[in-house]
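J.: Here you go, one structure.
All of the numbers you see were taken from the coordinates with simple rules; none came from a lab. None of the values given here were measured: they were computed from a predicted structure. Here the Cβ is made from the backbone with ideal geometry for all residues, glycine too, and neighbour counts use every protein chain on show.
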Amino acid sequence: MSDLATIDDRGTLTLVRYLPGPIERVWAYLTDPKFLAKWFSDGIVSDTVGGDVRFDMGAFGQTTVYDPPHVLEYTWNEEDASVGPVADSVLRWELAQEANRVRLTLTHTRLPDVEVVAHCAGWHAFLERLLAFDEGRTVEPMMELYAKIKPLYVS
């Protein structure tokens, strides 16, 4: 559980992870509902700019960039975030093939200051779940993993 998110002063967090290729498989993890449900949440990600993005865990938005298999971006809204609502933040996934690995960069921008730490820990936990799923390991329950990771961001 290393590789902490970087945080800038404008409510932006960035996390980078590496997964085995091919890039198309990693793209499917981000867009195919049957894979999303294994590590993130049941839901849908529209493959059309302006289309709906909805996750059963409470987030919703609209696709703003859909460029397979390299860039996926959508608005991110949560009515019941940990401290307060999140409105019109932007989640961007970038994938780049690097030899036999795929560099995954998650950037979440325009977060309210009071939500940055919680979202750092949350995305960190979700990416740990993605790596476990990819490696065929047991995917830990989200809230248990989040509870282990959050103190890393509160110090």
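J.: Helix-only estimate, please: 222 nm mean residue ellipticity of the chain, summing -39500 (n - 2.57) across DSSP H runs of length 4 or more and dividing by its residues, to the nearest 500.
T.: Working: 4 runs with 49 residues, N = 155.
Per the formula, -10000 deg cm²/dmol.
J.: Given contacts defined as C-alpha pairs under 8 Å and at least six residues apart, what's the relative contact order of segment 1-149, whole-number percent?
T.: Details: 292 pairs, mean separation 35.5, N = 149.
Value for segment 1-149: 24 percent.
J.: Next question, about the same structure. Kirkwood hydrodynamic radius, computed over distinct alpha-carbon pairs, for segment 79-155: how many Å, to one decimal? Before the final figure, lay out each step's value.
T.: Numbers: mean 1/r = 0.0719 Å⁻¹.
Result for segment 79-155, one decimal place: 13.9 Å.
J.: If you project the alpha carbons of segment 111-150 onto the principal axes, what extent comes out on each, in Å, largest first?
T.: 35, 16, 10
J.: Here is a follow-up. Residues of segment 15-38 with amide nitrogen under 20 Å from the 7 Å Cα-to-Cβ point of Ile44?
T.: Hits in segment 15-38 for Ile44 at 20 Å: 28-38.
J.: Next question. What list of ³J(HN,Hα) values in whole Hz, one per residue of segment 94-104 in order, does the Karplus curve 6.51 cos²θ - 1.76 cosθ + 1.60 (θ = phi - 60°) give from phi, with Gly and Pro shown as x?
T.: 10, 10, 9, 6, 10, 6, 9, 10, 10, 8, 9
J.: Roughly what % antiparallel, to the nearest 5, for the DSSP beta bridges in the chain?
T.: On the way: 39 of 39 bridges.
Rounded to the nearest five, the antiparallel share is 100 percent.
J.: Shape call for segment 6-154 from the C-alpha gyration tensor, a ≥ b ≥ c root eigenvalues: rounded (a/c under 1.5), prolate (a/b greater than b/c) or oblate? Before the final figure, lay out each step's value.
T.: Working: a/c = 1.42, a/b = 1.16, b/c = 1.23.
Rounded, since a/c falls under 1.5.
J.: Estimate the FRET efficiency between Arg110 and Thr138 by the formula 1/(1 + (r/R0)^6), using the beta-carbon distance for r and 35 Å for R0, to the nearest 0.05. Intermediate values should be presented prior to the final figure.
T.: On the way: r = 34 Å, r/R0 = 0.98.
Efficiency computed from Cβ-Cβ geometry: 0.55.
J.: Convert each backbone phi in segment 18-35 into a coupling constant with the Karplus relation 6.51 cos²θ - 1.76 cosθ + 1.60 (shift: θ = phi - 60°), then list the ³J(HN,Hα) values in order as whole Hz, x for Gly and Pro.
T.: Going residue by residue, I get 10, 10, x, x, x, 4, 5, 5, 5, 4, 4, 4, 8, 10, 8, x, 5, 7 Hz, with x marking Gly and Pro.
J.: Would you mind pulling out the separation of the Cα centroids of segment 1-67 and segment 103-155, in Å?
T.: One Cα centre to the other: 12 Å.
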